[in-house]
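A.B. asks: The structure's right below; bear with me while I get my questions together.
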Amino acid sequence: MSFGIMTDNSLSSIDVLTLLPQRPPFVMIDRLTWFDQSLTTTQFTPRADNLFMDDGGRLNACALVEVMAQTCAARMGYINCYIYKQKVQIGFIGGIKNLQILRRPCLGETLTTTVEVVQQVMQMTLVQATVKVGSETIATGEMKIALKVEN
């Protein structure tokens, strides 16, 4: 499978809701900023009404896993909708390995999440995910995502 490189300029007009099976209030990405065959990057700025926000103004660790998973979902949504002209598929987290939460992000910090495809076999994708605030890495991990097989 070979795809062209899409940068922030060509992706900025895409509504992320067209890429994701998730719906508000469970959407954890604001925009897709990079897409190519092996890398996908998204951005997300947590707001006060976020489901994962604690009383101290920080996202809990589960939110970082969900941001990683939704970046994977945005990748597959882009492939399905904009390359193959098909509908968004539902995916499931098949496994998480070597997860490191270095710190939880604060209200208003912009998270940049990158997933790099390590291996893809049929409906299963293994990625290495990194979440950053600016140049600071705040979370990393490997994630297996399985797509639901449509009948």
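A.B. asks: Per 0.36 nm of contour for each residue apart, how much would the distance between residue 12 and residue 93 grow if the chain were fully extended, relative to their Cα-Cα spacing?
C.D. replies: Details: separation 81, 0.36 × 81 = 29.16 nm, distance 2.69 nm.
Residue separation times 0.36 nm, minus the Cα-Cα distance, leaves 26.5 nm.
A.B. asks: Out of all DSSP beta bridges with both ends in the chain, state the antiparallel percent to the nearest 5.
C.D. replies: Roughly 100 percent of the beta bridges in the chain run antiparallel, per DSSP.
A.B. asks: Which lysines have a Cα lying under 17 Å from the Cα of residue 148, excluding residues fewer than 8 positions away in the same chain?
C.D. replies: Excluding near neighbours in sequence, the set is 87.
A.B. asks: Turning to a different aspect of this structure: Of all trypsin sites (Lys or Arg not before Pro) in segment 69-98, which ones are in loop regions per DSSP and have a Cβ with at most 12 other Cβ atoms within 10 Å? Don't jump to the answer; show the numbers that get you there.
C.D. replies: Details: sites: 75, 85, 87, 97; in loops: 85, 87.
For trypsin sites (Lys or Arg not before Pro) across segment 69-98 that sit outside H, G, I, E and B with at most 12 neighbouring Cβ atoms in 10 Å, the list reads 85, 87.
A.B. asks: To continue, here is another question. Could you give the accessible area per residue of segment 1-128, probe 1.4 Å, as a whole number in Å²?
C.D. replies: Per residue, segment 1-128 has an accessible area of 52 Å².
A.B. asks: Of the candidates 46, 25, 105, which one comes out as most mobile in a Gaussian network treatment of the chain with C-alpha springs shorter than 10 Å?
C.D. replies: Evaluated over the chain, the most mobile residue of the options is 25.
A.B. asks: Moving to a separate point now. Determine how many Å³ per residue the convex hull of the Cα atoms of segment 50-151 encloses.
C.D. replies: Spread over its residues, the Cα hull of segment 50-151 gives 116 Å³ apiece.
A.B. asks: Follow-up. Could you tell me how many degrees, from 0 to 90 and to the nearest 10, lie between the Cα long axis of helix 61-78 and the main elongation axis, the longest principal axis, of the Cα atoms of the chain?
C.D. replies: The angle comes out at about 20 degrees.
A.B. asks: Show me, for segment 44-55, the HN-Hα J-couplings you get by feeding each phi into the Karplus relation (A = 6.51, B = -1.76, C = 1.60, θ = phi - 60°), rounded to Hz, glycine and proline as x.
C.D. replies: 8, 10, x, 10, 4, 8, 5, 4, 9, 7, 8, 5
A.B. asks: So how far, in whole Å, is the C-alpha centre of segment 15-55 from the one of segment 93-151?
C.D. replies: Using only Cα atoms, the two centres lie 12 Å from each other.
A.B. asks: Additional query: How far apart, in nanometres, would the label points at residue 106 and residue 49 be if each is projected 7 angstrom from Cα along the Cα-to-Cβ direction?
C.D. replies: 2.4 nm
A.B. asks: Taking each pair of different alpha-carbon atoms in segment 55-115 once, compute 1/r for the pair, average those values, and report the inverse of that mean as the Kirkwood hydrodynamic radius in Å to one decimal. Walk me through the numbers on the way to the answer.
C.D. replies: Numbers: mean 1/r = 0.0748 Å⁻¹.
Mean inverse Cα-Cα distance, inverted, gives 13.4 Å.
A.B. asks: Roll a 1.4 angstrom probe over the protein heavy atoms and tell me the percent of accessible area of the chain that is carbon or sulfur.
C.D. replies: The nonpolar share, carbon plus sulfur, comes to 54 percent.
A.B. asks: Another question, if that's okay. Using θ = phi - 60° and the Karplus form 6.51 cos²θ - 1.76 cosθ + 1.60, what ³J(HN,Hα) does each residue of segment 87-98 get, whole Hz, x for Gly and Pro?
C.D. replies: 7, 5, 9, 7, x, 10, 6, x, x, 10, 9, 6
The values are calculated or read from the model by the stated rules, or taken from the named source; none is laboratory data. Small disclaimer: the values here were computed from a predicted structure and weren't measured. Ideal geometry is used to build each Cβ from the backbone, glycine not excepted, and the neighbour counts take in all protein chains shown. What goes into the accessible areas is simple: the full protein's heavy atoms, side chains included, and nothing from ligands, DNA or RNA. Shrake-Rupley method; radii C 1.70, N 1.55, O 1.52, S 1.80 Å.
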